[in-house]
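Data first, discussion second: the structure below is written as structure tokens.
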Amino acid sequence: MKIGLEIHVQLPTKSKMFCSCPTTDAPAPNTHVCPTCLGLPGSRPVLNRQALVYGIMLAKMLGCTIADTTWFSRKTYFYPDMSKSVQITQYDHPIGVGGVVYLDGKKPIRITRIHLEEDPGKTKRTADMSSLVDYNRSGIPLAEIVTEPDLGTPAEAREFLTQLVADIRHTIDLPENGERSIRCDCNISVGKERCEIKNVTGLKNAERALTYEMIRQVQVLKAGGKIDRETRAFDEARGVTYSVRKKELEADYGYIDEPDLGIYHVGMLAKSITIKESPLNMTLRLAKQYGIEEAKAKQLVATSTDLAALFEQLAAATDVPTALTWATGAVTANWKAFTARNVPAAEIVDIVKHLRAGQITDTQCALELKSYMTGQSAESAAAAAADLEKIIAGYLDEHSEVVADAQKNDRAANRVIGFVMKQTGGSHSSAEIVEAVNRQIKQRL
Amino acid sequence: MTADATLAQLKRLNDAYQMFRIFTADQTAGDAKFLFSAKDNLTSQEYETCCGSRILEGYRPIFDATAIARLKTAGGKLIGKTNMDEFGFGTFSVNSAFGVPKNPFDRERSCGGSSGGSACAATVLEDHISLGVSTGGSVCCPASFCGIYGLVPTYGRISRYGLIDYGNSLDKIGLLARDPVKLGQYLPVIAGKDPHDPTSGIQPELKLRHRPIRSIAVPKEAMKGISPTVAKAFENGLQILQSIGIDVERVDMPMLGYAIPAYYVLATAEASTNLARYCGMRYGHQDGDYTQGFDAYFSSIRTQYFGDEAKRRILLGTYTRMEGFRDRYYAKALQVRMDVIDAYKAAFQNHDAVLTPTMPFVSPKFTDIAKMTPVESYAADYLTVPPNLAGTPHLNCPCGYDADGMPVGMQFVTDHWHEDELITMAEQWDKLFDVRIPEVKA
């Protein structure tokens with residue numbers, strides 16, 4: 001089985017791709033529109049440079065070769081929500097080609113290309129069988145990422161999408177407004193001929209649509225039937241795909257160069273743009289560079305790439321085991337409160353440095369971190385921590401079998417954690433409780 | 001004649017010549033410093049804009065074309081929108097859904113096209129400037145047939161914001177006037193960068209320094225197929241130019257012969273995508289049967305309201321960009337275009353301008369036009385198409401009259417951004433040559 005994806009990402013520019021209409025949610029249909037995105041006769045596109053910048057950032061993230069010169073083309077098709085009956089997209093010279101993404105850091109998924117294009121409007125069916133068109137979305141910039149058919153199963157496709165979306169959000173600071181801003185076309189072939197499921201919204205739906213289509217194709221082939229190359233749609237409510245039209249080849253859209261926009265020499269611009277390390281790459285690098293377990297590295301990065309960066313600072317200031325213990329322990333436990341406080345991370349490094357120098361004890365270190373990171377006074381942090389420690393100690397005194405069990409069973413601590421959570425009634429974060437319980441069990445071993 | 005007097009007789013003149021698709025009923029010019037008209041493919045808020053096509057009937061734009069807006073700011077009053085071939089598709093302005101402008105020298109004959117109405121208005125109305133649009137010769141051709149001056153500046157000199165597209169890589173706004181001084185007066189008003197049109201953004205500043213043309217190349221290829229009366233008037237023009245000390249050299253420019261096929265491939269390919277938006281949904285006629293699927297509805301509106309020539313060019317253009325034909329036609333035509341530009345650049349190494357007749361014949365009678373095949377009428381553009389394909393500025397000057405008194409024109413082409421020399425030439429020429437003004441019959 002072969003699965004290839006075409007992923008559409010709405011780029012987070014402030015204005016549309018070819019006009020100055022806002023990209024924010026509109027108060028009513030057809031209010032964020034102008035002559036350009038309505039395709040009124042005599043209007044013209046003017047390229048939003050930021051869309052090009054985001055395109056280059058994503059091309060770099062995907063390991064694509066970035067073209068020195070890039071330009072736009074016209075793709076002609078008649079559809080009510082396409083205001084010009086022509087979509088401005090890229091054909092001959094996309095922004096990037098030939099990249100690769102390593103799924104979970106291992107399996108290579110080849111990236112055919114990444115190009116920029118404008119989103120069409122939206123067609124809405126009404127109960128009385130008429131259609132309403134809203135052009136607020138018309139002209140929102142999109143990046144389309146096309147993969148080779150390197151994905152083996154619907155589950156793998158979802159896993160890939162999850163990873164890719166996390167990387168995209170991180171690279172271009174795409175806000176987390178659900179999964180709605182990510183859409184994909186899913187190509188799947190069980191036998192020789194493939195079908196394309198158009199415009200599937202969300203990661204879960206991609207897996208559902210692919211799974212349904214996989215089973216459908218297997219059944220057709222088993223019954224001695226033939227799979228026709230076609231475009232299908234996914235009905236989210238019923239969880240089924242259905243045929244929409246026989247598939248045209250891409251070249252059938254009669255592409256020509258877009259004469260209203262010039263040729264963009266992006267070589268220098270591309271050189272000047274650096275991107276943040278993706279979460280996955282950071283995980284792999286941390287594991288390798290510091291010789292720590294990949295699971296630990298993943299835990300750090302998944303909490304926050306800033307936390308992972310702090311771990312690196314701690315490792316430089318102290319040593320790797322100390323850095324890992326505290327970064328995954330007390331620092332993680334208080335991370336959420338810390339990010340809300342907006343105070344410098346350097347102080348955290350200093351506290352752990354004092355511990356390493358023998359100036360403070362483990363307990364003092366945990367207290368100081370909590371106090372600094374949450375903004376509680378040292379006294380109340382100490383009192384709260386003392387309460388927590390007392391509850392845990394009391395429980396462990398009464399149930400010494402838990403400590404013995406913990407040597408063999410990873411989940412032994414859960415009993416304690418559950419008890420303490422009930423007792424404290426939400427006055428301590430779960431991360432904090434987990435940290436304290438694990439620490440006390442470790443001390444008693 | 002005062003502006004008010006012109007306005008007073010507008011209806012009578014239009015009844016006689018049909019230059020306007022729509023025009024003002026105002027009888028006074030008010031504070032306006034001058035009157036102007038514009039081809040009906042330039043948007044303006046106060047008039048319907050239809051591009052000579054029924055498919056846009058009833059369409060009132062919500063914004064002014066930049067060129068129109070700039071003329072208004074300079075104190076101009078837009079008195080009407082001029083008749084034209086549908087979307088610019090034609091050489092004689094007969095492919096119009098609304099009225100065919102009549103030649104001021106002989107109303108049995110064409111004004112040329114596709115800016116025929118603009119040329120007619122500029123010829124008939126006194127003290128007038130009219131905006132035309134040239135894609136493949138649509139300003140110089142009607143200027144030649146009506147015996148006036150027509151200037152098309154370099155591609156990108158004047159913003160195309162508000163110019164309703166025929167072929168975006170070819171479309172250029174131009175100026176038509178009896179008095180060549182008006183060309184130099186109004187070009188600076190409408191030229192210049194415009195944030196609404198990126199292709200206007202790379203131009204060097206327009207500077208009118210009155211630089212004269214000192215040396216001219218006349219391509220031998222241009223003289224083939226020219227009618228004897230045109231050839232005679234043209235040679236006479238050359239003699240006048242030589243008499244004031246301009247060097248004239250006959251040169252070979254074989255690339256000019258490939259311009260027509262390349263032009264029709266590119267122009268129709270672009271046009272077929274530009275016209276895709278007219279489907280009875282957002283503007284113009286929307287009176288089809290709504291119970292059909294959208295494909296059938298779009299087809300029904302397009303079938304009913306596009307004229308024959310528009311349909312022909314949509315089909316031609318769609319064909320040339322189809323899979324399997326794209327490389328053979330569209331991609332090759334792009335290459336020919338580069339070669340034509342190179343041929344001009346080579347000529348401009350040694351000469352300030354390239355000069356040819358503008359049209360191979362004088363304006364034909366409508367009865368003769370009716371007998372022409374589409375290919376015959378396309379071929380009539382073979383001298384006006386090359387500079388349009390190259391995006392180089394060009395100018396029509398009247399240079400003679402045939403036995404029936406019909407005007408003959410010659411076309412100067414200069415290098416990109418060299419409008420200055422053309423305007424200087426026009427002003428110089430007007431002192432050397434006796435331009436006839438037709439007797440207005442209204």
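State the volume of the convex hull built on the alpha-carbon positions of chain A, expressed per residue in Å³ and rounded to an integer.
So the per-residue Cα hull volume is 200 Å³.
Translational diffusion coefficient, Stokes-Einstein: compute it for the range B:1-42 using the Kirkwood radius over C-alpha pairs as Rh, at 10 °C and 1.306 mPa s, and state it as an integer in µm² s⁻¹.
Answer from the Stokes-Einstein relation: 143 µm²/s.
Order B:40-46, A:262-268 from most to least packed using the mean count of other Cβ atoms within 10 Å.
B:40-46, A:262-268
Before rounding to the nearest 500, sum -39500 (n - 2.57) across all DSSP H runs of length at least 4 in the protein assembly as shown and divide by the residue total; then give [θ] at 222 nm in deg cm²/dmol.
-12000 deg cm²/dmol
Show me, for the range B:23-38, the HN-Hα J-couplings you get by feeding each phi into the Karplus relation (A = 6.51, B = -1.76, C = 1.60, θ = phi - 60°), rounded to Hz, glycine and proline as x.
Per residue, the Karplus-derived 3J(HN,Hα) values read 8, 6, 9, 4, 9, 9, 7, x, 7, 4, 7, 7, 9, 9, 10, 9 Hz.
Identify all aspartates and glutamates with a Cα-Cα distance to A:Lys60 below 13 Å; exclude those on the same chain that are fewer than 8 residues away in sequence.
Answer for A:Lys60, where 13 Å is the Cα cut-off: A:Asp167, A:Glu277, listed by chain and number.
When only alpha-carbon atoms count, how far does the range B:1-103 stretch along each of its three principal axes, as whole angstroms with the largest first?
Computed over the Cα atoms, the extents are 36, 31, 22 Å.
State, to one decimal in nm², a quarter of the convex hull surface area for the C-alpha atoms of the range A:363-445, i.e. the direction-averaged projected area.
Approximately 5.1 nm², given one-decimal rounding.
Which residues' amide hydrogens lie under 5 Å from the amide hydrogen of B:Met410, considering only partners 5 or more residues apart or on another chain, with H built in the peptide plane?
B:Thr358, B:Cys397, B:Cys399
Hey, could you grab the Kirkwood Rh for the range B:346-401? Inverse mean 1/r over distinct alpha carbon pairs, Å, one decimal.
13.4
What average count of beta carbons from other chains do you get within 10 Å of the Cβ of residues in B:269-278?
6
Taking N as the number of residues in the range B:296-442, what is its Cα Rg relative to 2.2 N^0.38 Å?
Against the compact-globule rule of thumb, the ratio is 1.35.
In vacuum, with every alpha carbon of the range A:279-444 counted as one equal point scatterer, what does the Debye formula give for log10 I(q)/I(0) at q = 0.11, 0.18, 0.20 Å⁻¹? Two decimals, please.
Taken in order of the listed q values, log10 I(q)/I(0) reads -0.46, -1.20, -1.38.
Jot down the radius of gyration and Dmax of the range A:294-373, Cα atoms only, both in angstrom.
Rg then Dmax for the range A:294-373, in Å: 11.5, 32.
Just round it to a whole percent: the fraction of Cα-Cα distances in the protein assembly as shown exceeding 46 Å.
Tail fraction, whole percent: 42.
Give me the Kirkwood hydrodynamic radius of the range A:134-198, using the inverse of the mean 1/r over all pairs of distinct Cα atoms, in Å to one decimal.
13.9
Residue by residue through A:43-53, how many Cβ atoms from other chains fall within 10 Å of the Cβ on average?
3
Using per-residue counts of other Cβ atoms within 10 Å, averaged over each peptide, order B:181-191, B:393-403, B:208-218 from highest down.
With the highest mean Cβ count within 10 Å placed first, the list reads B:393-403, B:181-191, B:208-218.
Over all directions, what mean area does the Cα convex hull of the range B:61-143 project, stated in square nanometres?
Convex hull of Cα atoms, orientation-averaged projection: 5.8 nm².
Highest first, please rank the peptides B:228-240, A:326-338, B:56-68 by the mean number of other Cβ atoms sitting within 10 Å of their residues.
Ranked from most to least packed, the peptides come out as A:326-338, B:56-68, B:228-240.
Relative to the compact globular guide of 2.2 N^0.38 Å, what is the alpha carbon radius of gyration of chain B, as a ratio?
Ratio of Cα Rg to 2.2 N^0.38 Å: 0.92.
Among the lysines, which have Cα under 18 Å from the Cα of A:Lys408 when same-chain residues fewer than 8 positions away are ignored?
Reachable lysines: A:Lys442.
Output the pairs from B:Lys81/B:Lys311; B:Lys102/B:Lys371; A:Lys2/A:Lys271; A:Lys107/A:Lys222 with a Cα-Cα distance over 26 Å in this structure; if there are none, say none.
A:Lys2/A:Lys271; A:Lys107/A:Lys222
I'd like the mean, over residues of B:322-334, of how many other protein chain beta carbons sit within 10 Å of each residue's own Cβ.
Rounded to a whole number, the mean comes out at 2.
What is the order of B:His351, A:His354, fewest Cβ neighbours within 10 Å to most?
Ranking B:His351, A:His354 by Cβ neighbours within 10 Å, fewest first, gives A:His354, B:His351.
List the residues whose amide H sits under 5 Å from the amide H of B:Ser138, counting only those 5 or more places along or on another chain, with H placed 1.01 Å from N in the peptide plane.
B:Ser114
Here are some pairs, A:Lys296/A:Lys353; A:Lys14/A:Lys276; A:Lys192/A:Lys226; A:Lys298/A:Lys370; which of them have Cα atoms lying more than 19 Å apart in this structure?
Those over the limit are A:Lys296/A:Lys353; A:Lys14/A:Lys276; A:Lys298/A:Lys370.
Semi-axes of the equivalent ellipsoid for the range B:305-345, please: Cα gyration tensor eigenvalues, times 5, square-rooted, ordered largest first, whole Å.
Values for the range B:305-345, descending: 26, 15, 4 Å.
For the range A:1-158, taking Cα atoms only, what is the radius of gyration to one decimal and the Dmax to the nearest whole Å?
Final numbers for Rg and Dmax: 17.2, 52 Å.
Just so you know, all these numbers are worked out from the coordinates, no wet-lab data involved. Just so you know, these numbers come straight off a predicted model, no measurement behind them. So basically every Cβ, Gly included, is an ideal-geometry build from the backbone, and we count neighbours across all protein chains shown.
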